[in-house]
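Peer 1: Would you mind keeping the following structure in view while I ask a few things?
The values are calculated or read from the model by the stated rules, or taken from the named source; none is laboratory data. Only a predicted model underlies this, so the values are computations on that prediction, with no experimental measurement involved. When we count neighbours, we look across all protein chains shown, and the Cβ atoms used for this are built from the backbone with ideal geometry, even at glycine. With ligands, DNA and RNA removed, areas are computed over all heavy atoms of the protein, side chains included. Shrake-Rupley method; radii C 1.70, N 1.55, O 1.52, S 1.80 Å.
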Amino acid sequence: MKADQFTVRGKLIENAPLAPYTWFRVGGPADLFFIPADEDDLSDFLKQLPEDVPVTTLGVGSNIIIRDGGVEGVVVRLAGGYWGQIEQMNATTLFARSGSLDLSVARFAAKSGIAGLSFLSGIPGSIGGAMRTNAGCYGKELKDVLNQVEVIDRKGEKHVFQGELVDYGYPQVGFSYRHTDFPTDLIVTGALLSGDDVGDPETLKAEIEAHQARRAETQPIKDKTSGSTFANPDPPGTPDQRSAWKLIDAAGCRGLRVGGAQVSEKHCNFLINTGDARASDLEALGELVRARVLETSGVELRWEVRRIGRY
């Protein structure tokens, strides 16, 4: 495929390096890399694109390992500028485009006096990515505040869904702990999020600052890393809940290395690129950790970080 065979208003680049667009700073190129100007630009492009060409959506790259061989087909990046816009709809509701940073949404809600969204400040990444994994922290997850979802399908058609999409031809879609059954052919372009009350902006701001201080104290946020590598085996509230990091630590994996990849000494449910890691190092290290945890505890950890592309 050649970029000049398509008519777009955004940026369309052939053989584009993807490592700079991920927090791990690893990975090969995209055959085609597209940053659409807006929903109409994305819709028009998909209508031009042959149906057999795979499409992968990339947000801010906070929770993904792009393999060294790059990504086949088209990678669509929804981040920055237009895709980061947030708008208040009423006293307790806001609309966020999919490229909006979770932290930015939390801060916008606080400034607008919308209570119940401060937990988003503890989630690295964007709303679009959080939608895919039902991301959460501090006892709440995205499904708790999700009101409406705007998407574009692989054919370029736009749809608006409510709640868990059960009335819109996708009966299998549901939200569970760190997982959604969201169809892979739908690209999330925005979401309507509802807080639970009207709050004092200064109080909400203080909540966010407390969450940020907690993250800085306990997580390797200054390293080349991602969000949590593995989901906890048990959802919050489970009696005797098992934590992924405790199982990893008990398996002797804190500080473990493969090539330039290392299990963080600060929080061992985080992998870090020490400077010269390849995607294959990170993925191999993750699989080694999974194997050791399975051997020592009998628990098979589930990847929370997405791994995509060619080996």
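Peer 1: Pairs under 9 Å by beta carbon, first residue without any contact (Cβ under 8 Å) to a residue 24 or more places away in the chain and of a type in the set (D, E, K, R) in the stretch 204-228, partner surrounded by 15 or more Cβ atoms within 10 Å (Cβ to Cβ) and assigned to a helix (DSSP H, G or I), six or more apart or different chains?
Peer 2: That search, which allows pairs on different chains as well, returns Glu209/Ser121.
Peer 1: Among the residues that make up the stretch 67-77, is at least one of them farther than 19 Å from Glu157 by Cβ and loosely packed, with under 15 Cβ neighbours inside 10 Å?
Peer 2: Yes, the stretch 67-77 has at least one match.
Peer 1: Here is a further query. List the pairs whose first member sits in the stretch 7-28 and is more than 17 Å from Glu72 (Cβ to Cβ), whose second member is in a loop (DSSP other than H, G, I, E, B) and open to solvent by 40 Å² or more (accessible area, probe 1.4 Å), and whose Cβ atoms are under 8 Å apart, counting only residues at least 6 apart or on separate chains?
Peer 2: Taking only residues 6 or more apart or on different chains, the pairs are Val26/Asp68; Val26/Arg278.
Peer 1: May I pose another question? Of the conditions (1) of a type outside the set (Lys, Arg); (2) in contact with a strand residue (DSSP E or B) (Cβ under 6 Å, 6 or more places away or on another chain); (3) under 26 Å from Arg214 (Cβ atoms), Ile248 fails just one. Which one is it?
Peer 2: Condition not satisfied by Ile248: (2).
Peer 1: Check off (1) touching a residue at least 12 places away in the same chain (Cβ under 8 Å); (2) of a type outside the set (Phe, Trp, Tyr); (3) surrounded by fewer than 24 Cβ atoms within 10 Å (Cβ to Cβ) for Glu87 and give me the number that stays unchecked.
Peer 2: Looking at each condition in turn, Glu87 falls short on (1).
Peer 1: Filter the stretch 24-40 down to the residues that are farther than 21 Å from Tyr82 by Cα and not basic (Lys, Arg), then identify the one that is most open to solvent (accessible area, probe 1.4 Å).
Peer 2: Asp31
Peer 1: If you don't mind, another one. What tally of residues in the stretch 86-101 results from selecting those that are over 23 Å from Arg154 (Cα atoms) and assigned to a loop (DSSP other than H, G, I, E, B)?
Peer 2: Matching residues across the stretch 86-101 total 2.
Peer 1: Out of the residues in the stretch 41-57 meeting the condition of being outside any helix (DSSP H, G or I) and charged (D, E, K, R), tell me which one is nearest to Gln85 (Cα to Cα).
Peer 2: Per the criteria, the residue is Glu51.
Peer 1: List every residue pair whose Cβ atoms sit under 8 Å apart, with the two residues 6 or more apart in sequence or on different chains, where the first one lies in the stretch 102-128 and is within 16 Å of Tyr138 (Cα to Cα) and in a loop (DSSP other than H, G, I, E, B) and the second, anywhere, is open to solvent by 20 Å² or more (accessible area, probe 1.4 Å) and hydroxyl-bearing (Ser, Thr, Tyr).
Peer 2: Taking only residues 6 or more apart or on different chains, the pairs are Gly116/Thr92; Gly116/Ser194.
Peer 1: Counting only residues that are assigned to a loop (DSSP other than H, G, I, E, B) and small (Gly, Ala, Ser), which one in the stretch 16-40 is farthest from the chain's Cα centre (by Cα)?
Peer 2: Restricting to residues being assigned to a loop (DSSP other than H, G, I, E, B) and small (Gly, Ala, Ser), the top hit is Ala37.
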